[in-house]
Amino acid sequence: MPSNSLYTLYPEISPYHATWIDRPHGHKVYVEISGNPHGKPIIFLHGGPGGGTNPKQRQFFDPKHYQIILFDQRGCGQSKPLGEVNGNTTADLISDMEAIREHLHIKHWIIFGGSWGSALALAYANQYPQTIKALILRGIFLSRETELNWFLDEVKAFFPEAHRTLLHYLPEDKRDDLIKNYSALVFSNDLKISGPASIAWNQFEGGLLKLLPQVEENKTLTDDDIQNEIARARVQLHYIKDKCFIDGKKILEEVKKLKDVPTTIIQGRYDMVCPPITAYELHQHMLHADFIMVPDAGHSASEPSMTHELIKATNNYRILS
């Protein structure tokens, strides 16, 4: 590759295997595999909480070298029931990952996680360090109070319009507790209430993702689109209400057990969803890790410089024994 060009996504591929794994509390977790069936296993952990996987996420990995595993976390994407929050905690997701690893007869794997996926990756790795071949982490999030306060309030210093829109969706006397009062709307059984509230909640985060925010398209949403919006908002609010069921301080204290695990931390300098200080602090606890601060990127993995660094990392780890 010429030194002045950027890595871009690998060509589109389709899964060669897709299934649902039955899990406790009635959950069916969607898992798909693409790439090389005999390749190095790498699992993609999506963000949110409440996001889901999409076909482009397969394209961060060289399909000749990797067995590429994507799964939709409980309540998300193609997992069932969509939007279900009962039996849906970080401990449950970690248990699901172990079930996937055992189902696929994998001894060691590389974990690739961004945003909320970085928190889940670290929580899993701290619990099952013996399974980890390497970690690739982007847009670091540890769900500490300072991080949640940033996202829910302090980010208005940079995005006052978006934050005002989020607040003003609620009546004036309901704006003091966004999580509680958005939850009351999003979890309503009346789609005329839950649908618009979920869209308003999701659009706030969506508007913060990139260094140069994109103009929102005014497209008509289908019934399925609206159900997906509701599911995303419900799962995210359910998690945020309980600080995502993790202790970020404890995670930082425990990552020393990963000192022998090759790790790359990639952070956008102008990330407005997960500010760079968290990635910096993680690196202070993982000094063996490669730490890359991308100077012209925000939070999104799809920004050209961020995509370049992520693919560079996955390419570098192809040579791991």
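The values are calculated or read from the model by the stated rules, or taken from the named source; none is laboratory data. Here the structure is a predicted model, which is why all the values come from computation and not from measurement. Using ideal geometry, Cβ is built from the backbone for each residue, glycine included, and neighbour counts are taken over all protein chains shown.
Restricting attention to the stretch 121-150, the residues being closer than 19 Å to Met306 by Cβ and not basic (Lys, Arg) number 8. Looking across Ser300, Ser305, one residue alone is hydroxyl-bearing (Ser, Thr, Tyr), surrounded by fewer than 20 Cβ atoms within 10 Å (Cβ to Cβ), under 23 Å from Thr53 (Cα atoms) and touching a Leu at 6+ places or on another chain (Cβ under 9 Å). It is Ser305. If the condition is being of a type in the set (Gly, Ala, Ser), free of Cβ contacts under 8 Å to residues at least 40 places away in the same chain and in contact with a Lys or Arg (Cβ under 9 Å, 6 or more places away or on another chain), then the stretch 15-39 contributes Ser34, Gly35, Gly39. In this entry, Ile292 passes the filter for residues that are assigned to a strand (DSSP E or B), within 18 Å of Phe112 (Cβ to Cβ) and out of contact with any Gly (no Cβ under 7 Å at 6 or more places or on another chain). Just one of the listed residues (His38, His25) is outside the structural domain of Ile226 (by TED's automatic domain parsing), on the phi > 0 side of the Ramachandran plot and either in contact with an Asp or Glu (Cβ under 6 Å, 6 or more places away or on another chain) or modelled with pLDDT of 95 or more (or both), and it is His25.
In the stretch 1-99, counting only strands (runs of 3 or more DSSP E) that sit wholly within it, the ones holding 2 or more residues that are exposed (fewer than 15 other Cβ atoms within 10 Å of the Cβ) span 17-22.
In the stretch 218-247, the residues that are under 14 Å from Ala197 (Cβ atoms) reach residues that are charged (D, E, K, R) and not in a helix (DSSP H, G or I) with C-beta atoms within less than 9 angstrom, at least six apart or across chains, in these pairs: Ala231/Glu84; Arg234/Glu84. Taken over the stretch 258-285, the criterion of being part of a loop (DSSP other than H, G, I, E, B) and of a type in the set (Val, Ile, Thr) is satisfied by Val261, Val273. Tell me, please, whether a residue that is assigned to a strand (DSSP E or B) and charged (D, E, K, R) can be found in the stretch 226-242. No, the stretch 226-242 has no match at all. Taken over the stretch 201-231, the residue count meeting the criterion of being of a type outside the set (Asp, Glu) and over 30 Å from Asp296 (Cβ atoms) is 8.
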